[in-house]
Amino acid sequence: MCIRDRFRSIHIAKGGKIFYLLSILGEVLRYDLSTPNDFRTAKYVQEFDLATDTKTTGFSISKDGTRMFQVDSGTDDDTPVLKTYSLSPPFDIASATEIHSVDLFDIGLEDDTGDQSARDIEFSSSGDQMFISALDTNDFTNNRIYIFSLSKNFDVSTQTLLGFHKVVYPDHATGTGVSWGFSFSSDGMKLFTVQLASPANR
């Protein structure tokens, strides 16, 4: 498998009519589907390069398609960063223009040791809450999903930290199966996480 064929995250929009995939090189690829949620009918449309390195670990797009969000991990002594892009027309990632950037340590990710490394980002369906997952690169049992309230939907500059949920599974202590990406069911009642097979892949 070539490096371009390895992916870190996925976002589905417009009721399954658009799929976005994030490659490990930081490229977001858009596919339009003639049959919703049936990727066999997917047609490549466009892409946008979020990074010149491999630090981009997660992304999301607002429900109305006017905003795209990028999470940089903050590894190698850099701080984790959340960037917001404007999309015009909606869902057109080739039109992405950066409009906001924030250091995630400044808004609540713990930086006592600098080991919390951002991995993925999700929003509630209405956009009034934001969730960011973080891998602890030192203590694999200290992985978290941070929860923020947004006073303006999908506007991350209006965030308030509410707390975090600690994600721990039996193999986390060794670094095997550490949490990375996550998503919610449409009603918000179920949380799904994906895990790494080996700490060497973190």
Residues of the range 43-58 classified as open to solvent by 30 Å² or more (accessible area, probe 1.4 Å) and free of Cβ contacts under 8 Å to residues at least 40 places away in the same chain, total: 8
Residues in the range 125-140 that are part of a loop (DSSP other than H, G, I, E, B) and either out of contact with any strand residue (DSSP E or B) (no Cβ under 8 Å at 6 or more places or on another chain) or under 14 Å from residue 80 (Cα atoms) (or both) total 6
Could you list all residues from the range 137-166 that are touching a Ser or Thr at 6+ places or on another chain (Cβ under 9 Å), surrounded by fewer than 19 Cβ atoms within 10 Å (Cβ to Cβ) and either of a type in the set (Phe, Trp, Tyr) or under 16 Å from residue 182 (Cβ atoms) (or both)? 166
Under 9 Å by Cβ, and 6 or more places apart or on different chains, what pairs join a residue from the range 127-151 that is on the phi > 0 side of the Ramachandran plot with one that is surrounded by fewer than 22 Cβ atoms within 10 Å (Cβ to Cβ)? 127/62; 127/63; 127/64; 127/150; 127/152; 127/153; 127/154; 127/155
Subset of the range 111-128 that is touching an Asp or Glu at 6+ places or on another chain (Cβ under 9 Å) and open to solvent by less than 60 Å² (accessible area, probe 1.4 Å) - its residue that is nearest to residue 153 (Cα to Cα): 127
Looking only at residues that are within 15 Å of residue 135 (Cβ to Cβ) and in contact with a Gly (Cβ under 9 Å, 6 or more places away or on another chain) in the range 80-110, which one is most open to solvent (accessible area, probe 1.4 Å)? 105
With respect to the numbered conditions (1) within 12 Å of the chain's Cα centre (by Cα); (2) among the aliphatic types (A, V, I, L, M); (3) modelled with pLDDT of 90 or more; (4) open to solvent by 60 Å² or more (accessible area, probe 1.4 Å), which one is the sole condition not fulfilled by residue 61? (4)
Condition check for residue 108: of a type in the set (Gly, Ala, Ser), at pLDDT below 90 and out of contact with any Ser or Thr (no Cβ under 6 Å at 6 or more places or on another chain): yes
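The values are calculated or read from the model by the stated rules, or taken from the named source; none is laboratory data. All figures in this text were calculated on a predicted structure; none of them were measured in a lab. Every residue, glycine among them, receives a Cβ derived from its backbone with ideal geometry; neighbour counts consider all protein chains shown. These area figures cover heavy atoms from the full protein model, side chains too; ligands, DNA and RNA do not enter into them. Shrake-Rupley method; radii C 1.70, N 1.55, O 1.52, S 1.80 Å.
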